[in-house]
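**Student:** Have a look at this one.
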Amino acid sequence: MTKEEVRRLLEGRQYEGLLQAAGDSREMIEYLFSFLNTRDGLLRWRAIEGLGHVAARLSKHNPDAGRDIIQELLQCVDEADDSNWSVPEAVGEIVRNRPDLFAGFVPTLVSLYADERLRRGVIWAMGRIGKRQPQLIASGMTVLIKALEEPDPEIRGFAAWSLGEIAAQEAASALGALRSDHETVTIYEAGKLWQRTVGAVALDALANIRARA
């Protein structure tokens, strides 16, 4: 499969096609890595999702395959590679798809929050993992709730979204304080990029929390 064919599958969000083509091919992983720092925002997010699916499939018969991919992603941070801005999102997707194998990487993922370049991605990844396995990101809840007070509206908006995904009851009061926040944020969800106010994201998060109370 060529890189252009992988691009078309990602653009169509045809992850099953990716999985069928992946096999044990290292080439597929390299193609997905190359899209993690593309300027096309939607393609980048779909590459993050696609990598999560492919790594999970490869790990079904060889758990070391997924560990190697995560380790390679984390090395991008140490090497200050341009793709490092997608590292936490990609690691988060892999963990989300196979928490039984890769939950041990969550503390490392949360620790990346200290790097301002990666903060938004860490928050998104925590929401993705926490929706399925909230206990895995329990140690990072204080960080997420405090992020609601950050001056950067993207950080506030992503934190509100993440807390809603996790249905974090303890964040309800802090989320309520953001209802009148009119700054805008763009968040990837359900295959699309959505631009909304931080206040609207916070209200949706509160609704999710109440629905799952």
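**Student:** So the check is Cβ under 6 Å with 6+ separation or different chains; which pairs have a first residue in segment 3-29 that's in contact (Cβ under 8 Å) with a residue 60 or more places away in the chain and a second one that's exposed (fewer than 14 other Cβ atoms within 10 Å of the Cβ) and of a type outside the set (Gly, Ala, Ser)?
**Tutor:** The qualifying pairs do not exist here.
**Student:** Across segment 82-106, what is the total count of residues that are over 15 Å from the mean Cα position of the chain (by Cα) and in contact (Cβ under 8 Å) with a residue 40 or more places away in the chain?
**Tutor:** Step one: list which residues in segment 82-106 are over 15 Å from the mean Cα position of the chain (by Cα), which gives 82, 100-101, 104.
Of the ones still in play, those that are also in contact (Cβ under 8 Å) with a residue 40 or more places away in the chain are 82, 101.
Residues flagged as over 15 Å from the mean Cα position of the chain (by Cα) and in contact (Cβ under 8 Å) with a residue 40 or more places away in the chain within segment 82-106 amount to 2.
**Student:** Among the residues of segment 15-73, how many are surrounded by fewer than 17 Cβ atoms within 10 Å (Cβ to Cβ), over 16 Å from Glu5 (Cα atoms) and among the aliphatic types (A, V, I, L, M)?
**Tutor:** Here the count works out to 1.
**Student:** Please go through segment 123-161 and give me each residue that is of a type in the set (Val, Ile, Thr) and touching a helix residue (DSSP H, G or I) at 6+ places or on another chain (Cβ under 9 Å), ordered by number.
**Tutor:** Restricting attention to segment 123-161, the residues satisfying the condition of being of a type in the set (Val, Ile, Thr) are 123, 129, 137, 142-143, 145, 155.
Ile123, Ile129, Ile137, Val143, Ile145, Ile155, listed by residue number.
**Student:** Continuing with this model, one more query. May I ask you to verify whether Ile70 is in contact with a Phe, Trp or Tyr (Cβ under 6 Å, 6 or more places away or on another chain), more than 20 Å from Tyr188 (Cβ to Cβ) and not polar (S, T, N, Q)?
**Tutor:** Values: in contact with a Phe, Trp or Tyr (Cβ under 6 Å, 6 or more places away or on another chain): yes; more than 20 Å from Tyr188 (Cβ to Cβ): yes; not polar (S, T, N, Q): yes.
Answer is yes for this residue.
**Student:** If the requirement is being in the same structural domain as Pro88 (by TED's automatic domain parsing), without any contact (Cβ under 8 Å) to a residue 60 or more places away in the chain, surrounded by 18 or more Cβ atoms within 10 Å (Cβ to Cβ) and within 24 Å of Trp45 (Cβ to Cβ), which of these qualifies: Leu109, Leu163, Leu178? Reasoning before the result, please.
**Tutor:** Working: Leu163 fails: in the same structural domain as Pro88 (by TED's automatic domain parsing); Leu178 fails: in the same structural domain as Pro88 (by TED's automatic domain parsing).
Leu109 is the lone residue from the list that is in the same structural domain as Pro88 (by TED's automatic domain parsing), without any contact (Cβ under 8 Å) to a residue 60 or more places away in the chain, surrounded by 18 or more Cβ atoms within 10 Å (Cβ to Cβ) and within 24 Å of Trp45 (Cβ to Cβ).
**Student:** Quick test of your reading of the structure: Ala90 fulfils all but one of (1) small (Gly, Ala, Ser); (2) out of contact with any Ser or Thr (no Cβ under 6 Å at 6 or more places or on another chain); (3) under 21 Å from Ala167 (Cα atoms); (4) crowded, with 21+ Cβ neighbours inside 10 Å. Name the failing condition by number.
**Tutor:** The number of the failed condition is (3).
**Student:** Only one of Arg98, Arg57 is within 25 Å of Gly191 (Cβ to Cβ) and at pLDDT 95 or above; which?
**Tutor:** It is Arg98.
**Student:** Among what's in segment 37-54 and is more than 15 Å from Arg8 (Cα to Cα) and in contact with a Lys or Arg (Cβ under 9 Å, 6 or more places away or on another chain), pick the residue that is modelled with the lowest pLDDT.
**Tutor:** Applying the filter and picking the extreme gives Asn37.
The values are calculated or read from the model by the stated rules, or taken from the named source; none is laboratory data. Quantities reported herein were computed from a predicted structural model and do not represent experimental measurements. In this analysis, Cβ positions are derived from the backbone assuming ideal geometry, glycine residues included, and neighbour counts consider all displayed protein chains.
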